[in-house]
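The structure under discussion appears below in the form of structure tokens.
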Amino acid sequence: MDAQALAHLLANARRAVVFTGAGISTESGIPDFRSPGGVWSKMKPIYFQEFVGSRDKRREAWTRVFNKTAGWTGASPNAGHRAVARLIEMGRASSVITQNVDNLHQDSGVPSDRVIELHGNASYAKCLDCQRRYEIEDLRARWEADEEIVCDVCGGLLKTATISFGQPMPEYEMMRATAEAEACDLFLVLGSSLVVYPAAGLPMTARRRGAQLVIVNREPTELDGYADLVLNAEIGPTMTQTLALLN
Ligand code: ZN
């Protein structure tokens, strides 16, 4: 049985790392932004340069945030997130690298210092200049008053803490993700089609260092041919079964 094979690999791993993509959060009702019918097929992304350069684009971006147009926040963790949290709590996985911006790993109980967010986080905002953190709800009154939303400390522009199109990948997170991929002996992909860089590179980095690669995804991925185990299945039920066999 599938879950049995995965449980066996996890039981024998010294240090696993989990990599998650949109597929783990679609089970919480968050749309996969790349899929047909996903967010970007319905609305145009606002590029970083447009946000910085245009008051209208910033107004539009904040309206999307407060209207929850993208549907990225406000969902609850599912069985897949809870299984990842349990793997980390048990010490079987060192951390989770995620392409998601929905904060659901933290919401499921993973300590924030064990979550490496490659695309940032949509659940709070940050000053683009001094990096100070702001809670979204604290900014609502300024949006309602149609004020420019800027930093109280330095006057810099505030933006959700996501990595927008046109914005460079976060260096520190990329460095940590690469270090985790190099240090693990089992790289477990949950719900990523592994198409977009750097998602495609990290499993191969792990493999080159001798790690085993497991991919759990509803559809086949680009890297299935390199994997030691591929499970085309729902993540929540698969991981719940796996954890039950591990305990
Ligand atoms: Zn600032």
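The values are calculated or read from the model by the stated rules, or taken from the named source; none is laboratory data. Just so it is clear, the model here is predicted, and its values are computed rather than measured. Cβ coordinates were reconstructed from backbone atoms using ideal geometry, including for glycine residues, and neighbour counts include every protein chain displayed. Quick note on the areas: whole protein, heavy atoms, side chains included, nothing else; ligands and nucleic acids left out. Shrake-Rupley method; radii C 1.70, N 1.55, O 1.52, S 1.80 Å.
Starting from segment 125-138, take each residue that is free of Cβ contacts under 8 Å to residues at least 24 places away in the same chain and list its partners that are within 7 Å of the ligand (Cβ to nearest atom) and open to solvent by less than 60 Å² (accessible area, probe 1.4 Å), counting only C-beta distances under 8 angstrom and pairs at least six apart or across chains.
ARG132/CYS151
Would you confirm, using the coordinates I've provided, whether ASP138 is more than 13 Å from the ligand (Cβ to nearest atom) and either surrounded by fewer than 18 Cβ atoms within 10 Å (Cβ to Cβ) or assigned to a helix (DSSP H, G or I) (or both)?
Spelling it out, ASP138 is indeed more than 13 Å from the ligand (Cβ to nearest atom) and either surrounded by fewer than 18 Cβ atoms within 10 Å (Cβ to Cβ) or assigned to a helix (DSSP H, G or I) (or both).
Given the conditions (1) part of a loop (DSSP other than H, G, I, E, B); (2) at pLDDT below 95, which single one is not true for PRO77?
Unmet for PRO77, out of (1) part of a loop (DSSP other than H, G, I, E, B); (2) at pLDDT below 95: (2).
Which members of segment 108-130 meet the condition of being more than 24 Å from CYS184 (Cβ to Cβ) and either away from the ligand (no atom under 16 Å from the Cβ) or within 20 Å of the chain's Cα centre (by Cα) (or both)? Step through it out loud before you land on a result.
Within segment 108-130, the first condition is being more than 24 Å from CYS184 (Cβ to Cβ), and the residues that meet it are 122-130.
Across segment 108-130, the qualifying residues are ALA122, SER123, TYR124, ALA125, LYS126.
Do we find that ALA70 is part of a loop (DSSP other than H, G, I, E, B), open to solvent by 20 Å² or more (accessible area, probe 1.4 Å), among the aliphatic types (A, V, I, L, M) and more than 16 Å from the ligand (Cβ to nearest atom) in this structure?
no
Does VAL153 count as at pLDDT below 95 and open to solvent by 50 Å² or more (accessible area, probe 1.4 Å)?
In short, no.
Return yes when ILE215 is surrounded by 19 or more Cβ atoms within 10 Å (Cβ to Cβ) and within 19 Å of THR178 (Cα to Cα) and no when it is not.
For ILE215, the condition - surrounded by 19 or more Cβ atoms within 10 Å (Cβ to Cβ) and within 19 Å of THR178 (Cα to Cα) - is met.
Could we say that ALA199 is more than 28 Å from SER94 (Cα to Cα), away from the ligand (no atom under 16 Å from the Cβ) and either among the aliphatic types (A, V, I, L, M) or surrounded by 13 or more Cβ atoms within 10 Å (Cβ to Cβ) (or both) here?
Against the criterion (more than 28 Å from SER94 (Cα to Cα), away from the ligand (no atom under 16 Å from the Cβ) and either among the aliphatic types (A, V, I, L, M) or surrounded by 13 or more Cβ atoms within 10 Å (Cβ to Cβ) (or both)), ALA199 does not qualify.
Can you report the number of residues in segment 7-42 which are modelled with pLDDT of 75 or more, assigned to a loop (DSSP other than H, G, I, E, B), open to solvent by 30 Å² or more (accessible area, probe 1.4 Å) and over 17 Å from ASP102 (Cα atoms)?
Total meeting the criteria: 2.
Quick check on this structure: which one of ALA183, ALA199, ALA177 is under 30 Å from ASN67 (Cβ atoms) and of a type outside the set (Phe, Trp, Tyr)?
Criteria check complete, one pass: ALA199.
For the list (1) farther than 23 Å from GLY74 by Cβ; (2) open to solvent by 60 Å² or more (accessible area, probe 1.4 Å); (3) away from the ligand (no atom under 16 Å from the Cβ), I need the number of the one condition that PRO170 fails.
Unmet condition: (2).
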